[in-house]
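Heads up: the structure comes next, in structure tokens.
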Amino acid sequence: MTTPSAAPAEDAPARLPGSLNTNRRLSQWLRFTREGTVEVSSGKVEIGQGILTALAQIAADELDVDLSRVRMVRANTASSPNEAVTSGSQSIQESGSALRHACAEARAIYLAAAAQRLGVAVETLSIEDGTISGPHNLHTSYWELADDGLLNREATASVPPKAPHERRVAGASTSRTDIPDKVFGRPRFIHDLVLPQMLHGRILRPPAPGARLAALEEGSVASMPGVVAVVRDGDFVGVVAESEAAALAALARLRRAATWRQVSALPEEAGLAEWMKRQPVETTVVAQRAAPAPADVSRTVRRCYSRPYLAHASIGPSCAVAQWTDGGLKVWTHSQGIFNLRADLAVALGVRPEFIVVEHVEGAGCYGHNGADDAAFDAVLLARSAGGRPVRVQWSREDELAWSPVGAAMAIELEADLDAKGEILAWRCQVWSNGHTSRPGRAKTPTLLAAAHRSPPAEALLPINPPLASGGGAERNAVPLYAVPALKVVNHRLMVMPIRTSALRSLGAHANVFAIESLMDELASDRGEDPLAFRLRHLSDPRAKDVLEAAARRAGWSSRRKREGVGFGIGFARYKNAGAYCAVVAEIEAERDIRVRRLVAAVDAGEIINPDGVANQIEGGAIQATSWTIKEAVRFNDTRITSDTWESYPILTFSEVPSVEVEILARPKERALGAGEAAQGPTAAAIGNALYDALGVRVRDLPLTAERILAAMG
Amino acid sequence: MAQSIRLTVNGVERVVDGDPATPLLGVLRGTLGLMATRFGCGINQCGACNVIVDGAAVAACDTPLWSVAGKSITTLEGLGRPEAPHPLQAAFIAEQAMQCGYCVSGVVMSAAALIMRNPDPSEAEVRAALDRNLCRCGAHNRMVRAVLRAAREGRAA
């Protein structure tokens, strides 16, 4: 057993694993209690992906305690490690590796304390479920030794975590710890939070973004029974009441009492892709490689692909609770980034960040930057007029579908230069899209929805793309993994934002992979070559080939038969070109529209902490991507989003959902890679390619609707 | 306007004073403090607030209080308890049949109504019965497996 060495000199802090590097005190990550539990803190939050279970598994393994002793502390800005945002499939990499090292070091520190207490050598001790045993029946435990002072020190990461074969809990499909509450209906979601003296708030949304409040006859509302306050700040209007029913009644009357001046600002939905190409843009070269030798171009294939704006469309509309007291502001939120939200709140309110404590409470499924942060700011603005009482704001379905940020629309042009045999000589890609993130906490200007409605309104910030080192945004996965002699990939970021966009699961990867894999498929079939074989001979990474072959084998790719109205398609990507590998084979039936019958996915996400958790993420991602691919588009007219109900924004239903099989390739010695977003692009591509296999037509604009299929069939 | 309305919730008779037009969902979550039934859309399009009224799955969000006077309502809390789970609850745990779980209360209630009228449903019948319940995380197939398992185990019991 290695003894932890002293903390490194302050002028040259050593780089520590994952988020340990920026949250270096061991006590930020864990503490033992006298009651026989270990409290584990992470800055990453549960968004329906089962991350807290996976992190608890890692801690249980390194500490040698039963999983049931691990208590995951609700992330909050007062005490949790600051791990920025739970996004980008980074939680296992960032939080998992930090916890693994912190727990290994904590275990060593407690072993040393036990050795001292028992008067024996550290080497003679062993730990089982927290009980530390030595020779001659000597024993103590974490719980007996529990002393917060022991871990109040800088991590050194000098204690190596267990080797993969020594892990007992991580790597196994343990039951998720949050599921019992959810099947027995115990309060767990933020929607269920009830605080003493809590009031209820609702926001009067403008009829469209950009509409200005011309007049508000609010007098009659303030005197309604149960109404505590009508809050107006510029174009931001809300009501606070004693009950939800009173708040809703007041909101209905406020709606009638308001007169708005509308503006027309949105482009035509039908010509969106072409409209984007005409806008002012900021252009960056993402990748460029010249051919090693000149070659004769026989022909050039140019293809245009697009996807519409996509809604997060969580089943639970956003919700938040806020309370202002003399001591400070407390906010309960299902935000993915509690520290970032706090930063934006502080800027918007002109207070110090330390004045605000933001605490995470689980929300419904989160697939990116949705309305959670906006709802929190709504609650904060209303709570200021609530005399110290907490105010709960519940968004409506219409709010959720029409006022949350949406995933950016994209237009993609691909060109391939081919030689006389149809082999690729050069590959060029241009992407037009808004930036893919407007997350809070990034600038001096808040990006929260209500900030644009208050007086004076916050300047609307254009969304940005995360740096390429983190996978990029619109350009995510725009560079093909396939070997091509010459390459140029260009990203055009729109300098206008007709509809508010931000991060949606997989960012640009969904449409970029759809485009690349569609063209690869087309080039293969033009040559009369099997699309799988064509892909394999353009790949050098054995892990990439393995997932393609595994998916094909499981799906019966080589023995598939041509049948009327049935198609098979394949799609592949390595997420961010640096994350999890995923290949999907789709089997569909197609006549006038598409019915996806079966999806077979193979995934390599490196070391797996919870195999069933990974399978669940791939399964869910594939089903959600199927819904995006064949059904979904945010609808809008010249002023606003009109798809604000489930009728106007339909998603895949139980009878439309395909069977999904997931094969996980075991790579216990490889770095753990997030799996949550890996299936989005490959699934879309596999369905598009299966459509071609079934009907002989290529539809390059998403979603693949009956109208578009008919149009393509001429 | 307010009236006293008598109804049975999870086997217990309750008297609720309120506007008869109030949606049942608000009464369950607010007045009665039963949080399992979830708000999703407010217009009976997503199934998140499904409860069982006299044997049938109905959306509590657009069911006015007056319409359930004298009727018997079951919510997820009334289906089973950890010590004595309903077969559906046990099966949803066994199949790890969710991601975020927000839609699960409504799905389980739709499934419970199905199994009451058809103890041996086919997979297609389960999917049809759940078609008005939306799930965004893509846990559909796990939930279908859980319902089929619960039906099987319910018949065996």
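Each value in this text was obtained by applying a stated rule to the coordinates, not by laboratory testing. This is a predicted model, so every value here is computed, not measured. All Cβ positions, glycine included, derive from the backbone under ideal geometry; neighbour counts span all protein chains shown.
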Calculated FRET value between residue A:642 and residue B:43, using beta carbons and R₀ = 25 Å, to 0.05: 0.95
Farthest toward positive dipole pole in the protein assembly as shown [+1 Lys/Arg, -1 Asp/Glu at C-beta], among B:92, A:200, A:431: A:431
Residue A:136/residue A:172 FRET efficiency (R0 35 Å; Cβ-Cβ; nearest 0.05): 0.55
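Report the far tail of the P(r) of segment A:374-466, meaning the percent of Cα-Cα pairs longer than 17 Å. Walk me through the numbers before you get to the answer.
Working: 2877 of 4278 pairs.
More than 17 Å apart: 67 percent of the Cα pairs in segment A:374-466.
How big is the Cα convex hull of segment B:32-157 in projection, averaged over all directions, in nm²?
Working: hull surface 30.5 nm².
Across all orientations, segment B:32-157 yields a mean hull projection of 7.6 nm².
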Amide N proximity, segment A:571-592 versus residue A:553 label position 7 Å along Cα-to-Cβ, cut-off under 15 Å: A:583
Kirkwood Rh, angstrom, segment A:214-309 [1 / mean 1/r, Cα pairs]: 19.4
Stretchable slack from residue A:290 to residue A:592, in nm (0.36 nm times residue separation minus alpha-carbon distance): 104.4 nm
Distance between modelled label sites at residue A:186 and residue A:302, nm, 7 Å Cα→Cβ extension: 6.2
Residue among B:141, B:50, B:133 with the largest mean-square fluctuation in a Gaussian network model of chain B, springs linking Cα atoms under 10 Å: B:141
Modelled label reach - residue A:197, point 7 Å along Cα→Cβ, segment A:364-391 residues with backbone N closer than 18 Å: A:380-391
Descending Cα extents along the principal axes, segment A:253-396, whole Å: 76, 42, 30
Approximate spin-label separation residue A:564-residue B:124, in nm, with each point projected 7 Å along Cα-to-Cβ: 2.0
Virtual paramagnetic centre 7 Å along Cα→Cβ of residue A:212, amide N under 12 Å, in segment A:447-487: A:457
P(r) histogram, all alpha-carbon pairs of segment A:477-592 included - 5 Å bins from 0, percent: 2, 9, 18, 22, 19, 12, 9, 6, 2, 1
Alpha carbon convex hull of segment A:526-639, volume per residue in cubic angstrom: 170
Overall dimensions of segment A:548-609 as given by Cα atoms, namely Rg and Dmax in Å: 13.5, 43
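On a full-extension model of 0.36 nm per residue, what is the gain between residue A:462 and residue A:123, subtracting their alpha-carbon distance, rounded to one decimal in nm?
Values: separation 339, 0.36 × 339 = 122.04 nm, distance 5.83 nm.
Taking residue A:462 through residue A:123 to full extension adds about 116.2 nm, to one decimal.
When N counts the residues of segment A:675-714, how does its alpha-carbon radius of gyration compare numerically with 2.2 N^0.38 Å, as a ratio? Display every interim value, and only then the final one.
Working: Rg = 11.3 Å, N = 40, 2.2 N^0.38 = 8.9 Å.
Dividing the Cα Rg of segment A:675-714 by 2.2 N^0.38 Å gives 1.27.
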Debye equation applied to the C-alpha atoms of segment A:46-104, log10 I(q)/I(0) at 0.15, 0.21, 0.22, 0.28 Å⁻¹: -0.43, -0.86, -0.94, -1.38
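Sort chain A into rounded, prolate or oblate with this rule: let a ≥ b ≥ c be the square roots of the eigenvalues of the Cα gyration tensor; rounded if a/c is under 1.5, and if a/c is not under 1.5, prolate when a/b is larger than b/c, oblate otherwise.
Working: a/c = 1.90, a/b = 1.10, b/c = 1.73.
Oblate, since a/c reaches 1.5 and b/c is not below a/b.
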Segment residue A:537-residue A:443, extension gain: residue separation times 0.36 nm, minus the distance between their alpha carbons: 29.3 nm
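Where does each of A:520, A:410 land when they are ranked from fewest to most other beta-carbon atoms within 10 angstrom?
On the way: A:520 25, A:410 29.
By the 10 Å Cβ count, ascending: A:520, A:410.
Taking the convex hull of the alpha carbon atoms in segment A:573-654, what volume per residue do you get, in Å³? Write out the running numbers ahead of the final one.
On the way: hull volume 12.7 nm³, N = 82.
So the per-residue Cα hull volume is 155 Å³.
Quick one: grab the alpha carbon gyration tensor of segment B:68-141, order the square roots of its eigenvalues as a ≥ b ≥ c, and give me rounded if a/c is under 1.5, else prolate or oblate depending on whether a/b is larger than b/c. Don't skip to the answer; put the middle values down first.
Numbers: a/c = 1.41, a/b = 1.20, b/c = 1.18.
It is rounded, given that a/c, with a ≥ b ≥ c, falls under 1.5.
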For chain B, built as a Gaussian network whose Cα springs stay under 10 Å, the top-fluctuating residue of B:11, B:55, B:40: B:11
Efficiency of FRET from Cβ geometry, residue A:665 and residue A:713, R₀ 45 Å, rounded to 0.05: 0.75
Partners for residue A:444 among lysines (Cα-Cα distance below 26 Å; same-chain residues under 8 apart left out): A:44, A:330
Among A:76, A:53, A:36 the positive-end extreme of the charge dipole of segment A:14-88 (Cβ point charges): A:76
Selection from A:327, A:309, A:284 lying farthest towards where the dipole of segment A:208-367 points positive, charges on Cβ: A:284
Only Lys, Arg (+1) and Asp, Glu (-1) charged, at Cβ; the protein assembly as shown dipole about Cα centre in debye: 620
Kirkwood Rh in Å, taken over segment A:339-428 so that all alpha-carbon pairs contribute: 17.0
Sparsely packed trypsin sites (Lys or Arg not before Pro) within segment A:4-108, loop by DSSP, other Cβ within 10 Å at most 10: A:15
Cα gyration tensor of segment A:421-512 - equivalent ellipsoid semi-axes, whole Å, descending: 34, 12, 10
The protein assembly as shown - share of DSSP beta bridges that are antiparallel (%, nearest 5): 75
Gap separating the Cα centres of segment A:117-151 and segment A:216-278, nearest whole Å: 62
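Per the Kirkwood formula on distinct C-alpha pairs, the Rh of segment A:626-679 is how many angstrom? Display every interim value, and only then the final one.
Numbers: mean 1/r = 0.0676 Å⁻¹.
One decimal place: 14.8 Å for the Kirkwood radius.
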Cα centre as origin, Lys/Arg/Asp/Glu Cβ charges: segment B:1-132 dipole, Debye: 200
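With charges only on Cβ, +1 for K and R and -1 for D and E, what is the dipole size of segment A:99-242 about its Cα centre, in debye, rounded to 20?
It comes to approximately 440 debye.
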Radius of gyration and maximum dimension Dmax of segment A:18-75, Cα, Å: 11.2, 31
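What are the semi-axes of the equivalent ellipsoid of segment A:84-238, taken as the square roots of 5 times the eigenvalues of the Cα gyration tensor, listed largest first and rounded to whole Å?
Numbers: eigenvalues 609, 78, 61 Å².
Semi-axes, largest first: 55, 20, 17 Å.
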Top of B:83, B:123, B:95 by mean-square fluctuation, Gaussian network on chain B, Cα under 10 Å: B:83
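Averaging sequence separations of C-alpha pairs under 8 Å and six or more residues apart, then dividing by the length of chain A, give the relative contact order as a whole percent. Display every interim value, and only then the final one.
Working: 1655 pairs, mean separation 97.8, N = 714.
Answer for chain A is 14 percent.
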